[in-house]
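To start, the structure under review is shown below, and the notes come after it.
The values are calculated or read from the model by the stated rules, or taken from the named source; none is laboratory data. Just so it is clear, the model here is predicted, and its values are computed rather than measured. Please note: Cβ atoms are built from the backbone with ideal geometry, for glycine as well, and neighbour counts cover all protein chains shown. Remember, those area values only see protein heavy atoms, side chains included, never the ligands or the DNA or RNA. Shrake-Rupley method; radii C 1.70, N 1.55, O 1.52, S 1.80 Å.
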Amino acid sequence: MRPNAFDVLKERGFVQLVTDEEAVRKLFEAGPVRAYIGYDATAQSLHVGNLFTLMSLVHLERLGHQPIVVLGGGTTMVGDPSGKTEMRQMLEYSEVRRNIEKFRRQIGRFLDVKGGKTLVVDNAEWLLELKYI
């Protein structure tokens, strides 16, 4: 029997606050759970701060759950809506594409993308078609 993913993440320090621990534990016991994280491609490389989220997905993947990584090829093309005092620097689309491909390779070192255990998508695939960007 596999360990409960919630318990593994909690034991390893990935969990700080939970509204209903028992409900989350039951969710992971009920079957495969999909979990996602998104990264905007504003830099040429993922950084050490991204390691925390990647490692949480590694644990989930190893325990039979499905990580989904959303790369922000589309959202990188718009200003940062997070309320910062300065907008992030706008990048040329070709630079965003290069960053996305670098991210894909880096993520593939940690997660089983080729084998299909982890899904990696680029939100430019659907956002650019909307013609809002």
ALA124, sole failed condition from (1) at pLDDT below 95; (2) surrounded by fewer than 15 Cβ atoms within 10 Å (Cβ to Cβ): (2)
Residues within region 68-93 that are modelled with pLDDT of 95 or more and surrounded by fewer than 16 Cβ atoms within 10 Å (Cβ to Cβ), tallied: 1
Restricting region 11-67 to residues that are open to solvent by 100 Å² or more (accessible area, probe 1.4 Å) and hydrophobic (A, V, I, L, M, F, W, C), the residue that is farthest from the chain's Cα centre (by Cα): LEU17
Test: residue in region 15-33 that is within 30 Å of SER94 (Cα to Cα) and not acidic (Asp, Glu): no
Of all residues making up region 1-10, the number that are assigned to a loop (DSSP other than H, G, I, E, B) and either closer than 21 Å to GLY116 by Cα or open to solvent by 90 Å² or more (accessible area, probe 1.4 Å) (or both): 2
Qualifying position, being under 30 Å from MET1 (Cβ atoms) and touching a residue at least 24 places away in the same chain (Cβ under 8 Å), among LEU27, LEU51, LEU111: LEU111
